[in-house]
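Structure, as structure tokens:
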Amino acid sequence: MASVGVDSARISSEDGENGGGASSKDLDAGALFVLKSRGSWLHCGYHLTTAIVAPALLSLPFAFTLLGWSGGVLCLTAAGLVTFYSYNLLSMVLEHYAQLGKRHLRFRDMAHDILGPGWGRYFVGPLQLGICYGAVIACTLLGGQSLKFIYLVSRPNGSMELYQFIIMFGGLNLIMAQVPSFHSLRHINLVSLVLCLAYCACTTAGSISIGYSNNAPTRDYAITKVGLNRVFGVFNAISIIATTYGNGIIPEIQATIAPPVTGKMFKGLLVCYSVVISTFFSVAISGYWAFGNQAQGSVLSNFMVNGMPLLPKWFLLMTFVFTLVQVSAVLLVYLQPTNVVIERKFADPKMGEFSIRNVIPRFVFRSLSVIIATTLAAMLPFFGDIMALFGAFGCIPLDFILPMVFYNVTFKPSKRSLIFWGNTVIAIISIVLSLVGAVASVRQIVLDAKTYRLFANM
């Protein structure tokens, strides 16, 4: 970190458009150009919704196959309550420091000031960057898979392979990645919010339609795994649900809010979680009800059997197009921490944001980051297994553990208080789940290793 003054964005919350009163000389180029503080609480809600309500939620019926009805509903509900509480705690800590004139714009800035410089530089910063860039790779893979589904619905005997569709999707992202700042995504993320509601409604309606049709599969809700496999399956399912709720960029999202920030993040969370409740539960319950323990990693895969669609082609195409477009918006959100690092390293905050000096390195290095992500997605079409490991190591610490620690260290609640022990218990349970989930994820990677092949047409 260059200095506490720069990295913590020590700013007043009373005036100024960039982080509440800091002059541009107080901010590095990453904070100055990417994390512009100009948005409203409603814009914050759009960003939060895009970060959380992503096509990864289509794996929730599969998580239910490892947990059963009662376990699935219980874990889905518990994770929703804990993450809402956790994100609100994180917001309260951010607001507290903003009122002290030391607004944090990045997760690593919080860790730097609350836990010490080493935590920000060597743990939180690299962990967040790795998780978010992993999400970019996963979104690129998912976008390519969506394109391939659209192609196969239109041409069932088509010969194009997955890596070709991933490259096509990467080409789109190459253009979209040049959007200058997080705040610039507000209109894109409003469209994303509408699209996630649309494809979740289509998925729910499609599952119910198939469940009541003559082609309905034989439904069995019994958990097929036994013994040790069943235990690891439970932890894999918990990791899937935790990763689905996770995002790891709450400080960066709150950084887009124009000062004063007090109370705005809570309103944004209410917008986001109204969408979360309506989408997560409808997709998880309808998908598991329709397909039982045959629900696949993405429930949309159950809509086709042996290449034959169980629903009208136009309906499938519409659903896949909604998913494809929304995943592009999700990718842009998770690209922002990488963009912050790129601007901080290669841009000059003393020059204009759109000066030749800053535009050229921005274009070159953002394009390079998209090209690398696209190449990795094409090479590793089994990246879902790796993301489960990333989720256990990254999403759980960032979203379930650190907010509890930050709150207790910042506000120092009495050790006899309910909030202190509640936060402590949540943090301890999350640490255990993170460690066991990581072991379960590594075990699953080892089991699936025999099917791994670079550039596989999966």
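Values quoted throughout were computed directly from the atomic coordinates according to the rules given, and no laboratory measurement underlies them. A quick note: this is a predicted structure, and the numbers were derived from the prediction, not measured. Backbone-built Cβ (ideal geometry, glycine too); neighbour counts: all protein chains shown.
Given charges of +1 on the Cβ of Lys and Arg and -1 on the Cβ of Asp and Glu, with all other atoms neutral, how large is the dipole of the stretch 157-312 about its Cα centre, in debye to the nearest 20? Write out the running numbers ahead of the final one.
Numbers: 6 positive and 3 negative charges, 64 e Å.
Once rounded to the nearest 20, the dipole reads 300 debye.
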Between residue 231 and residue 450, what length comes free when the chain is fully extended (0.36 nm per residue of separation minus the Cα-Cα distance, one decimal in nm)?
76.6 nm
What's the exposure ranking of 338, 262, going from fewest to most Cβ atoms within 10 Å?
262, 338
For residue 181, net neighbour charge (Lys/Arg +1, Asp/Glu -1) across residues whose Cβ lies under 9 Å away:
+1
Quick one, could you list the DSSP H helices from the chain stretching 30 Å or more along their long axis (Cα atoms) with average Kyte-Doolittle hydropathy of 1.6 or above?
418-448
Counting other beta carbons within 10 Å of each Cβ, put 187, 104, 96, 47 in order, fewest first.
187, 96, 104, 47
Among the listed pairs 36/350; 267/412; 225/313; 102/264, give every one whose C-alpha distance is greater than 23 Å.
267/412; 225/313
Take residue 151 and residue 351, extend 7 Å from each Cα along the Cα→Cβ direction, and tell me the distance between the two endpoints in nm.
4.0
Positive dipole terminus of the chain, leading residue within 81, 163, 204 (C-beta point charges)
163
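What is the magnitude of the charge dipole of the chain about its Cα centre, with +1 placed on the Cβ of each Lys and Arg, -1 on the Cβ of each Asp and Glu, and no other charges, expressed in debye to the nearest 20?
On the way: 30 positive and 18 negative charges, 45 e Å.
The dipole of the chain has a size of about 220 debye.
So for 85, 245, 288, 212, fewest C-beta neighbours within 10 Å to most, what's the order? It would help to have the intermediate numbers written out before the result.
Numbers: 85 16, 245 24, 288 27, 212 9.
Least to most surrounded, the residues fall as 212, 85, 245, 288.
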What whole-number distance in Å separates the alpha-carbon centres of the stretch 112-148 and the stretch 337-363?
20
